[in-house]
1. Restrict the check to region 188-204 and report whether at least one residue is in a helix (DSSP H, G or I), under 17 Å from residue 135 (Cα atoms) and not assigned by TED's automatic domain parsing to the domain that holds residue 73.
2. I'm trying to understand the selection: among the residues of region 214-230, which are loosely packed, with under 14 Cβ neighbours inside 10 Å and assigned to a helix (DSSP H, G or I)?
3. Being surrounded by fewer than 15 Cβ atoms within 10 Å (Cβ to Cβ) and modelled with pLDDT of 90 or more narrows it down to one of 112, 97, 88, 136, so name that one.
4. Which one of the conditions (1) under 27 Å from residue 4 (Cα atoms); (2) surrounded by 18 or more Cβ atoms within 10 Å (Cβ to Cβ); (3) modelled with pLDDT of 95 or more does residue 182 fail to meet, given that it meets all the rest?
5. Regarding region 8-15, can at least one residue be identified that is surrounded by 15 or more Cβ atoms within 10 Å (Cβ to Cβ), under 28 Å from residue 145 (Cα atoms) and either outside the structural domain of residue 184 (by TED's automatic domain parsing) or within 18 Å of the chain's Cα centre (by Cα) (or both)?
């Protein structure tokens, strides 16, 4: 779990600071937002591993933001822990019904928060995100951030690495250039769609003749990662 990024969404700066200190001491990276609009921008752009979301926010409520995130395919898998002073049972149920993964009532201890956060991340982390992924001898290790083959390590750029990691954890599905831009670059980064083609070429070159066939062009649709013949 070390190195995970957590977005703290609360309109009270003192609470955000208290939570950030506790999480940074536990080796988490922290992002902060004071309202739903700022939070949504950071979520799309930075793609945090988990969102700590206050129920009561100015403007759009935390519950409405959670509902919006869970309806959007690009953000639906991001785990959410609701933070609130509300203790009524129906409020807890409402928070969970919109897709929150857990619910912590204020006041809470930093130790409890870190423990609950770790538990949610363990449940939410799909296979292959923290463990090495092996496809026909092509191995991507997320912990060491290295890619290797039986012939040795590959020299691969940071964008190509992110692209390969996304492909290897989402095999056998076609993705358009726009979808790849959203998933790999982030929705708030302005990049021309054709930039995807450039990085696909670089990725194939880095993979070499033994593995470049895994990254397949689907004419008129986009790209997919597959061990099957195109």
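The values are calculated or read from the model by the stated rules, or taken from the named source; none is laboratory data. Only a predicted model underlies this, so the values are computations on that prediction, with no experimental measurement involved. Here Cβ is always computed from backbone atoms with ideal geometry, including for glycine, and neighbour counts include all displayed protein chains.
1. To start, the set of residues in region 188-204 that are in a helix (DSSP H, G or I) comprises 194-204.
Applying the additional criterion that residues be under 17 Å from residue 135 (Cα atoms) yields 203-204.
Now narrow it down to the ones that are not assigned by TED's automatic domain parsing to the domain that holds residue 73: 203-204.
Yes, that holds for at least one residue.
2. None; the set is empty.
3. Selected residue: 136, the only one of 112, 97, 88, 136 that is surrounded by fewer than 15 Cβ atoms within 10 Å (Cβ to Cβ) and modelled with pLDDT of 90 or more.
4. Condition (3) is where residue 182 drops out.
5. Just the residues of region 8-15 that are surrounded by 15 or more Cβ atoms within 10 Å (Cβ to Cβ), to begin with: 8-11, 15.
From what's left, under 28 Å from residue 145 (Cα atoms): 8.
Now drop any that are not either outside the structural domain of residue 184 (by TED's automatic domain parsing) or within 18 Å of the chain's Cα centre (by Cα) (or both), which leaves 8.
Yes, region 8-15 has at least one match.
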